[in-house]
1. Could you please let me know if ALA100 is outside any helix (DSSP H, G or I), in the same structural domain as LEU123 (by TED's automatic domain parsing) and farther than 15 Å from ALA136 by Cα?
2. What number of residues within segment 122-150 satisfy the criterion of being at pLDDT below 80 and basic (Lys, Arg)?
3. In this structure, is ALA74 loosely packed, with under 14 Cβ neighbours inside 10 Å and among the aliphatic types (A, V, I, L, M)?
4. Among the residues of segment 156-186 satisfying the criterion of being modelled with pLDDT of 85 or more and not in a helix (DSSP H, G or I), which is surrounded by the most Cβ atoms within 10 Å (Cβ to Cβ)?
5. Filter segment 176-204 down to the residues that are of a type in the set (Val, Ile, Thr) and under 21 Å from VAL134 (Cβ atoms) and list them by number.
6. Do we find a residue being of a type in the set (S, T, N, Q), surrounded by fewer than 18 Cβ atoms within 10 Å (Cβ to Cβ) and at pLDDT below 80 anywhere in segment 187-202?
Amino acid sequence: MSSEIRLSAGFASARRLLLLGFFRLALNKQRLAFMVTTEQDALEGLARARPGLLIVSNQLEQGSGLALVEQARALVEDIRTILIVDGQQNDLVAAAQSSADAVLAEADCFTEAKPVIALSRSLALGRRYRSPFVQAALEAAAVDRAPWRDEPPQLSPRELEFLALLVEGSGDREIAGSLGISYEAARSRSKALRRKLGAGNRVQVVAKALQLGLGRLTGR
């Protein structure tokens, strides 16, 4: 990342396991400014330690991750903020429209796309970043304002299982292994499902899944 970004970081999340994961991943523990679970504790940490990076989930034990992001720059002018969202379509859309420098869904962390690399590159260049799942939520919200040309397709349990794997970021070979079918069969089913949904790429697949009300992005 750019030298313009100070690498000390503060973390705020109601997910204590997520905080533990960040702590274990940190190569230099001295750069951890604070790890807290409430908005107020994070605000106090920002005022005291003035970290260069704030990583926050939308779910806090008290307060709001979205509100914390909006207040962070008032306390630390040059801070960069990363918002991790674990929620439904409306949560993702609200996060995408926030002032956070980067927004990603927890589901993004388990896809082949490895959004952390793209996120780091965007922040280093001074750009905002919205992950594939967040972009899909925005697209789905736009689609929701315009009805399907025909009735939404009815998907079989097998198609729903296949769709859940696509949404999780699995490639055709991984899906073939998970479902115990050949690679060629997986490719054929993937193309057929995209045609049925009217989706040309993975972002549109996720958008259609959201529109169909399939619940959490990881599906199963």
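The values are calculated or read from the model by the stated rules, or taken from the named source; none is laboratory data. Note that the coordinates shown come from a computational prediction; the quantities given were computed from them, not determined experimentally. Every residue, glycine among them, receives a Cβ derived from its backbone with ideal geometry; neighbour counts consider all protein chains shown.
1. Numbers: outside any helix (DSSP H, G or I): yes; in the same structural domain as LEU123 (by TED's automatic domain parsing): yes; farther than 15 Å from ALA136 by Cα: yes.
When the stated conditions are applied, ALA100 passes them.
2. 2
3. yes
4. Per the criteria, the residue is ILE181.
5. Start the filter on segment 176-204 by keeping residues that are of a type in the set (Val, Ile, Thr), which leaves 181, 203.
Residue satisfying the conditions is VAL203 alone.
6. yes
Residue by residue, here is whether (1) within 20 Å of the chain's Cα centre (by Cα); (2) over 18 Å from PHE133 (Cα atoms); (3) modelled with pLDDT of 80 or more holds:
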position: GLU4; (1), (2), (3): no, yes, no
position: GLY52; (1), (2), (3): no, yes, yes
position: LEU75; (1), (2), (3): no, yes, yes
position: VAL103; (1), (2), (3): yes, no, yes
